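*Asks:* Please see the structure below; I have some questions.
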Amino acid sequence: MLFSRRYAPRSAEPLVLTDKRKRRSAWLLHLVPFYWLIKYRRYRRLAINLMVLVALVAFATYRAFPSETKEWLDRVEVEYAARMPNLPSLPSLPAIPLPAAFTRHAKHPIEKLMEDGRRKWEDKLRRQSKSLEQAVAEYQRRYGLAPPKGFDKWYEYATRNGFQLVDEFDAIHEDLAPFRRLSSVEVQSRTRSAAKQETMFSVAIKDGLAKAGNEVRPGGTKKGDMGRAKGFVQTLQGFVHDLPDMVFAVSGLAESSVYPTWEVSQPQNFTPTLGDAQHYVSKSNEFPVWYKYTNTCAPADPVRTNPTAYEFPPATTILPPTDFDAVPTEGAVNPFTNFLHGTEWDLDFCTHPEKFYQFGHFYAGWPMFNETFPVFGPGRGPRSMDIRIPSYYYVVPLPKYTYGFDPVLGHGQDDDPNDPEWDEKSGTMFWRGATTGGGSSPQGRYSLVQLAGQDNPTSQPILHRTGHGLSESWTETRIDVNSLRTAAMDVGFTKAVQCAPYKPGGCDGMMRDYTFVDKVPLYEAYKSKILLDLDGMGYSARSMALLASKSALVKSTIYREFFDDWLQPWVHFIPLSSTFEELFNIWAFFVGVPAHLVDPTLPAAPAQAGDVFDPKGDAALRSIADSGRSWKREHARIVDMEVYTYRLCLEWARLWYQDEQEMDFVLDHPLQDDD
Ligand SMILES: *[C@@H]1O[C@H](CO)[C@@H](O)[C@H](O)[C@H]1NC(C)=O
């Protein structure tokens, strides 16, 4: 049967076509009609030989000329290696000393976080406007502005499509705020100029049609992925006929690009007219981007007063991070039981120079604007001024990012037959990925893989439930990390990239020092109850699929995406710090601790799918898995992304035209429409 892959055992080799194989088979398919055509002609043998020749030439050409993006990546990697010949490998972080004993809680901090989250989410759902009039009033209350022209049609589009969170668009307001003081002429000029830069593309709306373009400045080159602009065009299709002519500069990268320096961001330094964007954008081989980040900080901030202490590459050994600046949870007295309220997008790197060593992407290089240019992209990094749009991976389905991807239909399905039911999943924490982000320095993904795979003679205080009913309480036990990581983690790299500068031994050395495992299809993750998700250089596009699954998402990120006002931490997903210090306590709360970890005299039993060591924790984890899954179906459908984009476009149109015509929406005098 044609669809048999989807019902095959999960261990079977998947028949998912890679892009390459798809393109090759497309070539072959073209030959089929040709074959039938010549079958009944005289020069059959000659024609067949010709066909084979054509196919061979096509294949050889394809192999000899890889895509432009790949060439660029290869070149960056070589430059990377050349620029950093003496990068010493960073020492691993020392063990953190044993904190004071944990006082017993009536409630575990995670229970409180989950209750708070649940309350906030329910309040949010309840308080949404129920009519256009209410939505207008709520808009005015929040932003002190009238909504943009076309708001009524947008409201109609949103409600007709079952969109629920009609008031929750603070993200748009925040992203556009820096551009509100620009004249319309300047908005237009900065857009057109930005779109011509190396990694930027344009999307132009004209006469109700949207089109992606790749204008190049004189003498310039083009890199990045135009698919991102095309994906944006796709999200406009449902309403583009109602939009005026205008242009967007869309980033071809996953990383944020707009980091105006602290100096130019001061009101007294505001420049009304900037001119060519070329004078404000760095080159892709200028790394690390850390210094572009730090230029957004005030001159008196530690990262700027003491720049040499954090030289790149580091001169000698590096001070390990000593602080743990998550919002402390009441009653929690050590970093191992200190949980985040949300993600770390508000990362305060200006006063914490050591953050440089925790995030791989600070070491990378990509073009960045140091003035206020309006650029639309999928992720907004800390202190960046990018304008968020839904990632094109959410709109253009790919097997590696799409839940229930069906290779025959070419898109995702609400149910993936490869996603086991809850009771058949194992209680491990799963992560697979490439070594992207950081050119081989041990932070981010590296420290997670290190934690999972390397011998670690230290132990950690783990809080676990003991007793039943009235005698139930939380007990703290020190458990050695080697036992914890074996019982809890299923983590490994699947691919080494940007590894040439790794010391010692380059790519081979990296393969030796870290756990590398076979590449698996996305759905292999679903056999675990806990799915870890980490940034690479940019945001992680995998979260959407992981949320849609029947497992729970544990996410560490410093990026914000368009849905940040809609996704509630501790309800739809579990936020994780970039130090991973609390990771084993997250696991112990939700999965429970197998008896042999608490009492080493008991024999170690290998983990089995369906093991439940703490039924209450398991139920809590399942509620997060279920909430994430329904969130994806109810609030992150493609049409929800369109509703977001539609409203953003109205705001953008207002900035584009406000000096020429009235662009506010006025309720009492509805606009005269032509139709
Ligand atoms: C902004 O970037 C341009 C291009 O890289 C550079 O020449 C200029 O010095 C930068 N300006 C500031 C204030 O950093």
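*Asks:* By the gyration tensor of its Cα atoms, with a ≥ b ≥ c the square roots of the eigenvalues, what is the shape of the stretch 176-230: rounded for a/c under 1.5, prolate for a/b over b/c, or oblate?
*Replies:* oblate
*Asks:* May I pose another question? Mean shadow of the stretch 132-261, computed from the convex hull of its alpha carbons, in nm²?
*Replies:* Seen from a random direction, the Cα hull of the stretch 132-261 projects 9.4 nm² on average.
*Asks:* OK, next. Need the list of aspartates and glutamates near LYS211 for cross-linking: C-alpha distance under 20 angstrom, and skip anything on the same chain fewer than eight residues off.
*Replies:* Those aspartates and glutamates meeting the cut-off are GLU198, ASP225, ASP242, ASP245, GLU642, GLU651.
*Asks:* Calculate how large, on average over all directions, the projected area of the Cα convex hull of the stretch 528-675 is; give the answer in nm² to one decimal.
*Replies:* If I average the Cα hull's projected area over directions, I get 13.8 nm².
*Asks:* If you find the alpha carbon centre of the stretch 191-220 and of the stretch 369-419, how far apart are they in angstrom?
*Replies:* 21
*Asks:* Let me ask something else about it. Could you give the C-alpha radius of gyration of the stretch 371-471 expressed as a fraction of 2.2 N^0.38 Å, taking N as the number of residues it contains?
*Replies:* 1.63
*Asks:* Sticking with this structure for a sec: Using heavy-atom solvent-accessible surface (probe 1.4 Å) with all chains present, what is the largest-first order of HIS352, HIS241?
*Replies:* Largest accessible area first, the list is HIS241, HIS352.
*Asks:* Further question: For the stretch 495-587, state which trypsin sites (Lys or Arg not before Pro) are in a DSSP loop and have at most 15 other beta carbons lying within 10 Å of their beta carbon.
*Replies:* LYS519
*Asks:* What list of whole percents do you get for P(r) of the stretch 104-157, with Cα-Cα distances grouped in 10 Å bins up to the one holding the largest distance?
*Replies:* Reading the bins upward from 0: 20, 32, 21, 15, 9, 2.
*Asks:* Could you state the number of Å between the C-alpha centres of the stretch 224-287 and the stretch 547-603?
*Replies:* One Cα centre to the other: 34 Å.
*Asks:* Which entries of LYS400/LYS495; LYS230/LYS400; LYS355/LYS400; LYS107/LYS529; LYS230/LYS555; LYS400/LYS529 show an alpha-carbon separation above 21 angstrom in the structure shown?
*Replies:* Violating the 21 Å limit, Cα to Cα: LYS355/LYS400; LYS107/LYS529; LYS230/LYS555.
*Asks:* Quick one: dipole size for the stretch 466-593, taken about the Cα centre, charges +1 on Lys/Arg Cβ and -1 on Asp/Glu Cβ, in debye to the nearest 20.
*Replies:* The calculation lands at about 340 debye.
The values are calculated or read from the model by the stated rules, or taken from the named source; none is laboratory data. Only a predicted model underlies this, so the values are computations on that prediction, with no experimental measurement involved. FYI the Cβ positions are ideal-geometry reconstructions off the backbone, even for glycines, and counts take in every protein chain you see. The accessibility values were calculated without ligands, DNA or RNA, using every heavy atom of the protein model including side chains. Shrake-Rupley method; radii C 1.70, N 1.55, O 1.52, S 1.80 Å.
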